[in-house]
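Below is one structure, written out as structure tokens; comments come after it.
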Amino acid sequence: MQIELFTQRTAQYFEALAQQNQFLQVANSRRSTRLMKDFQKKQEKSKIKGEALAASWAPYDTPKKVMDAWTHYLKESSERAILTMDALRESSDTYFDHMAKGCPPVLVYDYESSWRGETCHGPATTCC
């Protein structure tokens, strides 16, 4: 009786083990397929981007053209840097002029009070 029970349970164990192994094989196969498809998509995107990059460099087929483009870039970036510094200088000049005048209020306009907070009995943000 004990041997039959042991044999039966061992058979059930190995059957469950085989089912688990089958499940893991299917899951691994699906995961591998998904990973391969994702990799192929990324590879295609990289290929397209690489071709676009190569096409963008097509006009610069000689070292002189590359150097001309580089000097143009340096000229433009230098001009932008100079304009930025000029804008910062103007801003600081305005600030120092304002400080020299004793910091007068910059937003001066006529206004009319709609209500006074002195008459509220609670916080002014809840009183109307």
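The values are calculated or read from the model by the stated rules, or taken from the named source; none is laboratory data. Only a predicted model underlies this, so the values are computations on that prediction, with no experimental measurement involved. Glycine gets a Cβ as well: all are built from the backbone with ideal geometry, and neighbour counts include every protein chain shown.
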Pairs please, first residue from the stretch 1-28 and in contact (Cβ under 8 Å) with a residue 12 or more places away in the chain and of a type in the set (Ser, Thr, Tyr), second anywhere and part of a helix (DSSP H, G or I) and loosely packed, with under 10 Cβ neighbours inside 10 Å, Cβ atoms under 9 Å, 6+ apart in sequence or on different chains.
none
For residues in the stretch 72-128 being at pLDDT 90 or above and of a type in the set (S, T, N, Q), which is farthest from Tyr60 (Cα to Cα)?
Thr94
Take the conditions in a helix (DSSP H, G or I) and surrounded by fewer than 10 Cβ atoms within 10 Å (Cβ to Cβ) and apply them to Ala18. Does it pass?
no
Of the residues that make up the stretch 54-70, is at least one surrounded by fewer than 10 Cβ atoms within 10 Å (Cβ to Cβ), among the aliphatic types (A, V, I, L, M) and part of a helix (DSSP H, G or I)?
yes
